[in-house]
1. Please give the per residue accessible area of the stretch 134-256, computed with a probe of 1.4 Å over protein heavy atoms only, in Å².
2. Calculate the FRET efficiency for ARG180 and LYS209 from the Cβ-Cβ distance with a Förster distance of 51 Å, rounded to the nearest 0.05.
3. Would you list TRP200, TRP7 from the most to the least accessible area, probe 1.4 Å?
4. Given N residues in the stretch 187-252, what is its alpha carbon radius of gyration divided by 2.2 N^0.38 Å?
5. Determine, from the Cβ-Cβ distance of PHE5 and MET26 and an R0 of 30 Å, the FRET efficiency 1/(1 + (r/R0)^6), rounded to the nearest 0.05.
6. Which of LYS220/LYS246; LYS214/LYS254; LYS234/LYS256 have a Cα-Cα distance over 19 Å?
Amino acid sequence: MNKIFLWIVLAVIILGLLLILLNTRMGQSGDAPVPADNSVSAPVKPAPPVAQPPLPVTPGTPADGEKLAAAGVKPSPAAVERGFAFETGEETPATAESPAPASPGTTPLTAAAHDEKAPAAAPAAPAAPAEVKKAEKPAPKPQPAPKPQPAPKNQTITNFVVFVRDGGATIRLDASSPIRFKHLELTSPSRVVVDLHGTWKLSEPGVPKGEMVKDVRLGKKGSDTRIVIDLHAKAKTRYILTKGKKRLDIRLDKTK
């Protein structure tokens, strides 16, 4: 019993405290200061209206006009002035805007002025064909000079004869292998020099008496065999190889 009584007393105390706090707050809110009678509040001026640009009126489609008419919306005066119709969505010809009259000091543009075309540009010159670069061939490699072939061994002049004839003479050499030679004509005294390539076996021929050949001599020029033909006078000389280059005829003729 004591515990129950204590709980009841405690609840009553808490409830009383809550009521006191509630009354205190309500009293504070009711004590707001009241303005004095002699205070005059300044009149508040309304803000000037802000001008807004008119919204552009665009023609609608017939479907938009039918929807607005079904919803009970009437066209705005601007739309009526522009001839907007819900049924067609186009401007009526009666209310179509007419062009403004030109001022007296200006010249109206004509259709011909708009149709004037700039002079056609001259046709572009054809582009020059691109030069086709030829593929440069590599320079050929220099070939080594052919080495002189050595003269064959056991070369022999089998026949060495001097023929005398009218107005000149002929020296004939028959060989066992092809003849390779160099020649030279000299003066003071007049003579013909023939160098046979390599070493040759030969003997001096007999020289008959004549008007052209004075003597025939043999010698060496390095590794070559030299033949010297002494002449009585200057002569015109020709060298003729025949029989597979195994016969050499040296023709000597008088000069006029």
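1. Heavy-atom accessible area per residue stands at 70 Å².
2. Computed FRET efficiency for ARG180 and LYS209 comes out at 0.95.
3. Putting TRP200, TRP7 in descending order of accessible area: TRP7, TRP200.
4. Computed over Cα atoms of the stretch 187-252, the ratio equals 1.15.
5. Once rounded, the FRET efficiency stands at 0.40.
6. LYS220/LYS246
The values are calculated or read from the model by the stated rules, or taken from the named source; none is laboratory data. Because the structure is predicted, anything quoted here is derived from the model rather than measured. In this analysis, Cβ positions are derived from the backbone assuming ideal geometry, glycine residues included, and neighbour counts consider all displayed protein chains. For the accessible areas, the whole protein counts, side chains as well, though only heavy atoms, and no ligand, DNA or RNA atoms are used. Shrake-Rupley method; radii C 1.70, N 1.55, O 1.52, S 1.80 Å.
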